[in-house]
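Notes to accompany the following structure.
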Amino acid sequence: FGEEGSGIENGFDPTEVFPGDGIWVSGYAGYTMPSGWDWRVGAGFADLSAGDTDGAGADIYGVDDAKMFNLDANVGFVYDMGGATVRPFLGLRYLEWEQDQGFHPDVPLGCCFMDSKFSGFGPNIGFDASMPLSDMFSFVGGADVSVLFGEIEFDRGITGGQVPPASGDDNRTAFTAGGYAGLDIS
């Protein structure tokens, strides 16, 4: 979402700055049919802290907070590859991304911030994979991409009547890419 033209509005961002560490929680439920076809629905939430700042003196700039929420629904097919499985899938995703950024110090108070919220919906494609390591452990991983069509709302505090406008909304197309890797214990 940090790229120009995606899920944030960075009207006075002097550099590229990003959120910091945080937590991501997600869950899925679904059903696999005997034929190997399956369906899955799920949701996720991320809460990220302030990231590294950029600049010096009165021009220190950074992301103060970021949050993400997504809903997914997809259909896939599970391929058994001699114990390992691969599940390509195609589905739909709804995603909200909210980000607060600003200058530090914010003097005069309320002058120097940029808050934006993107909401979008669109197709999602990816895969999940699992490879047994022993009777108890499996390596799991996957990746997905999506194209989300939606709207971004933004609100800025800028002194001196500078352009762009202090608040508004705009149609936006955002591209997402994600991945994971882990250890499954069963």
How far apart, in nm, are the 7 Å Cα→Cβ label points at Asp80 and Asp52? 4.8 nm
Quick one: if you stick a label point 7 Å off each Cα along the C-beta vector at Ala181 and Ala73, how many nm between them? 3.3 nm
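If you put +1 on each Lys and Arg Cβ and -1 on each Asp and Glu Cβ, how big is the dipole of region 22-70 around its Cα centre, in Debye rounded to 20?
On the way: 2 positive and 7 negative charges, 90 e Å.
Around 440 debye, computed over region 22-70.
Readers should treat all values here as calculations from the given coordinates under stated rules, not as data from a laboratory. None of the values given here were measured: they were computed from a predicted structure. Note: ideal-geometry Cβ built from the backbone for every residue, glycine included; neighbour counts use all protein chains shown.
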